[in-house]
Amino acid sequence: MAKLFFKYGTVFSAKSLNLIATAHNYETQGKKVLLMIPFMDTRSNGNISTRAGFELKAEMIDTDTNVVDVFIEHLNKKEKIDCVLVDEAQMLSSKHIDQLRDIVVRFNTPVICYGLRVSYTLELFEASKRLFELSDKLEEIKTICWYCASKATHNLKLVEGKPEYKGNPIDIGGLEKYLPVCYNCYVNPPIEKELKGV
Ligand SMILES: Nc1ncnc2c1ncn2[C@@H]1O[C@H](COP(=O)(O)OP(=O)(O)O)[C@@H](O)[C@H]1O
Ligand SMILES: Cc1cn([C@H]2C[C@H](O)[C@@H](COP(=O)(O)O)O2)c(=O)[nH]c1=O
């Protein structure tokens, strides 16, 4: 029986790197993966990429895209899909997550979603909440706090060097805007540490 997975972590925890390694493992065995990324991720241009330097082309999922239809289009092209991999899953809607769940059940195909758990405003993203509700397996991808030796559990947003805790939970950006932090450093960040070598 195929399963729905949610592999979640903070920003900069190597989620995309993990996805690309999984795709590579399938492909070296001659198996086919279907890659998806939300259209909303305007940084991607339809590519899943990692800061470690790899990039893969993906299907872009817009608000009104039915992901089951995307999957069936590939089957109709005589592709045998062995696994669906979704990056930045937190930017999808809960309806998309229901559709991904449907793919697992109807086509007995594993779906692995990678994404953030909570926003810089400390809210579960709509899609992440649905993934916690529907997934067969939850796995945390871990990294360390930017400022101390604790595990990072939250995402700190900095605007002109100052922490920002309120606003639209979806706000695209990279390390210039978000840092992986523990809860203590989220609440009281020692923000003088510079961004070096990233
Ligand atoms: N230039 C680099 N070369 C190799 N690895 C890097 C480089 N820059 C960052 N990394 C590593 O890449 C990881 C972040 O990767 P990424 O997959 O983009 O994370 P996420 O998708 O969780 O934001 C971190 O573990 C970091 O140590
Ligand atoms: C914390 C947080 C992040 N985002 C955005 C910023 C990036 O575009 C992605 C996360 O990318 P990564 O590969 O995981 O680093 O999500 C956001 O919109 N809201 C947030 O709270």
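What follows is calculated from the coordinates using simple rules that are stated; it is not laboratory data. In this text, all values refer to a predicted model and were calculated from it rather than measured experimentally. Cβ placement follows ideal geometry from the backbone for every residue including glycine, while neighbour counts extend to all protein chains displayed.
The figures follow:
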read-out: Mean separation of Cα contacts under 8 Å (6+ apart) over length of region 4-140, as relative contact order %; value: 35
read-out: Rounded to 5, the percent of DSSP beta bridges in region 4-140 classed as antiparallel; value: 15
read-out: Debye equation applied to the C-alpha atoms of region 4-140, log10 I(q)/I(0) at 0.13, 0.19 Å⁻¹; value: -0.49, -1.12
read-out: In order through region 43-56: 3J(HN,Hα) via Karplus (6.51 cos²θ - 1.76 cosθ + 1.60), integer Hz, x for Gly, Pro; value: 6, 7, 6, x, 10, 8, 9, 10, 5, 6, x, 10, 8, 9
read-out: Net length gained if the chain between L138 and K57 were fully extended (0.36 nm per residue, minus Cα distance); value: 26.6 nm
read-out: Share antiparallel - DSSP beta bridges, region 19-89, percent rounded to 5; value: 30
read-out: Inter-label distance, nm, simple model (7 Å from Cα along the C-beta direction), K166/N188; value: 2.3
read-out: In order through region 154-171: 3J(HN,Hα) via Karplus (6.51 cos²θ - 1.76 cosθ + 1.60), integer Hz, x for Gly, Pro; value: 9, 10, 9, 9, 10, 10, 6, x, 10, x, 10, 10, 10, x, 5, x, 8, 8
read-out: The chain: calculated mean residue ellipticity at 222 nm from DSSP helix runs of at least 4, using -39500 (n - 2.57); value: -8000 deg cm²/dmol
read-out: Exposed trypsin sites (Lys or Arg not before Pro) absent - longest run of the chain, DSSP non-H/G/I/E/B, at most 14 other C-beta within 10 Å; value: 81-141
read-out: Dipole in debye (nearest 20) - the chain, about Cα centre, beta carbon charges: Lys, Arg +1; Asp, Glu -1; value: 500
read-out: Paramagnetic reach from E73 (point 7 Å along Cα→Cβ, amide N under 16 Å) across region 18-52; value: 34-40, 46-47
